[in-house]
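Novice: Please see the structure below; I have some questions.
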Amino acid sequence: MSEQTTHYENKLRWEIDSWDLSEARGNGEKVVVIDARGTTAFEAEHIPGAVSLPHRTMTRESTAGFDRDTLYVTYCDGIGCNASTKGALNMARLGFTVKELIGGLDWWKRDGYPTEKGTGPAPVGCAC
C-alpha cells in the first residue's frame with residue numbers, strides 16, 4: 001500500500017461529512033454528535049440532537065456516563081474554528097471512538113440539513 005493510499009484511508013477513518021453523518025443517524029447507527037464549541041454558541045444554534053460538551057470541559061468525569069460502544073462525532077463552527085479537532089483529540093485521549101465533522105456547522109447548513117436555534121443572541125465567533 002502506498003503512503004498516499006494510507007493517508008487517505010486514515011483521513012476517512014477519522015473524518016465524516018454531513019451526508020455520511022445524516023445517513024448514519026438515519027440508519028439508526030450508534031452515533032452521538034458533540035458540539036465542542038462554547039455553550040453560548042450551542043444555545044444560539046446547533047445540530048438537532050447534538051449534546052453540548054465544550055472541548056475545554058471534556059474530562060473523565062464529564063464523560064463518565066458515555067457509552068464506549070458508540071461513535072462520537074465532534075463539530076464546531078467550521079473551517080475557521082478548531083474546537084472540533086480539539087474535542088476529537090480529547091475524546092480520543094479518553095478512549096472513545098471519534099470522528100470530526102468536516103466543515104462543522106457551516107457545511108452542515110450549506111448541505112441543507114436543519115439546525116435548532118435558541119433564543120439567545122449569536123456569539124461573536126464560536127465561543128470556544
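Novice: Check GLU100 against each of (1) more than 30 Å from PRO121 (Cβ to Cβ); (2) acidic (Asp, Glu); (3) buried (at least 18 other Cβ atoms within 10 Å of the Cβ) and name the one condition it does not meet.
Specialist: Unmet condition: (1).
Novice: Sort through GLU43, GLU61 and tell me the only one that's more than 12 Å from VAL32 (Cβ to Cβ) and at pLDDT below 95.
Specialist: Details: GLU61 fails: at pLDDT below 95.
Residue meeting the stated conditions: GLU43.
Novice: When residues of the stretch 88-104 are filtered for being without any contact (Cβ under 8 Å) to a residue 40 or more places away in the chain and assigned to a strand (DSSP E or B), how many remain?
Specialist: Within the stretch 88-104, residues that are without any contact (Cβ under 8 Å) to a residue 40 or more places away in the chain and assigned to a strand (DSSP E or B) number 1.
Novice: Checking THR85 against (1) in contact with an Asp or Glu (Cβ under 7 Å, 6 or more places away or on another chain); (2) in a helix (DSSP H, G or I); (3) in contact (Cβ under 8 Å) with a residue 24 or more places away in the chain, which single condition isn't satisfied?
Specialist: Going through (1) in contact with an Asp or Glu (Cβ under 7 Å, 6 or more places away or on another chain); (2) in a helix (DSSP H, G or I); (3) in contact (Cβ under 8 Å) with a residue 24 or more places away in the chain one by one, THR85 breaks only (3).
The values are calculated or read from the model by the stated rules, or taken from the named source; none is laboratory data. These numbers were taken from a predicted model, which means no experiment stands behind them. No Cβ is skipped: glycine too gets one built from the backbone with ideal geometry, and neighbour counts run over all protein chains shown.
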